[in-house]
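Read-outs throughout are calculated quantities, based only on the coordinates presented, and are distinct from any laboratory measurement. Computed from a prediction, not measured in an experiment: that's the story for all the values here. Using ideal geometry, Cβ is built from the backbone for each residue, glycine included, and neighbour counts are taken over all protein chains shown.
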Amino acid sequence: MLDSAANNHQRIVRTQLEENPAMPEYDGDAWVALHQYQRRDWRSLIERWSVMNQQLLAAAEAVPDSAWTRTCTIGDSGPLTLQFVFDDYIHHMLGHLRHIGVEVDDFAVPLAG
């Protein structure tokens, strides 16, 4: 979840600042293995995830209404709107939280069409 926050923060920022940026996909399993999360203190990981999401949210709150339709590509995807990238991240995080037993139904947001 930390790695997803880091990658999606970059996507949100770069899509605002660059014209149609092409960004790489990332191998989540490889990032998890590299960071060795299972060996680290859970409280510090949760605190870091919270802070990273606050930073991501600050970047999203800075998006002017007109910029939500800006596009980027991720890996070999077609053009993805900034709105889709943000909504997809939220949907993805809610899925992870549900998986570990966190009640998140009140936070569910529809994906942009």
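The table that follows gives values for the structure above.
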| read-out | value |
| --- | --- |
| Choice from Pro64, Pro21, Pro79 with maximal GNM fluctuation in the chain (Cα, 10 Å cutoff) | Pro64 |
| Top positive-direction residue, dipole computed over the chain with Cβ charges, set Leu80, Gln36, His91 | Gln36 |
| Cα-projected label distance for Asp41 with His91, points at 7 Å along beta-carbon direction, nm | 3.7 nm |
| Within the chain, helix-based [θ] at 222 nm, where runs of 4 or more DSSP H residues each add -39,500 (n - 2.57), nearest 500 | -18000 deg cm²/dmol |
| Rg(Cα)/(2.2 N^0.38 Å) for the chain, N = residue count | 1.10 |
| At most 12 other Cβ within 10 Å, DSSP loop - chymotrypsin sites (Phe, Trp or Tyr not before Pro), segment 1-57 | none |
| Mean separation of Cα contacts under 8 Å, 6 or more apart, over the residue count of the chain: relative contact order % | 33 percent |
| Candidates per GluC sites (Glu not before Pro) in segment 9-109, loop by DSSP, up to 14 other Cβ within 10 Å | Glu18, Glu19, Glu25, Glu103 |
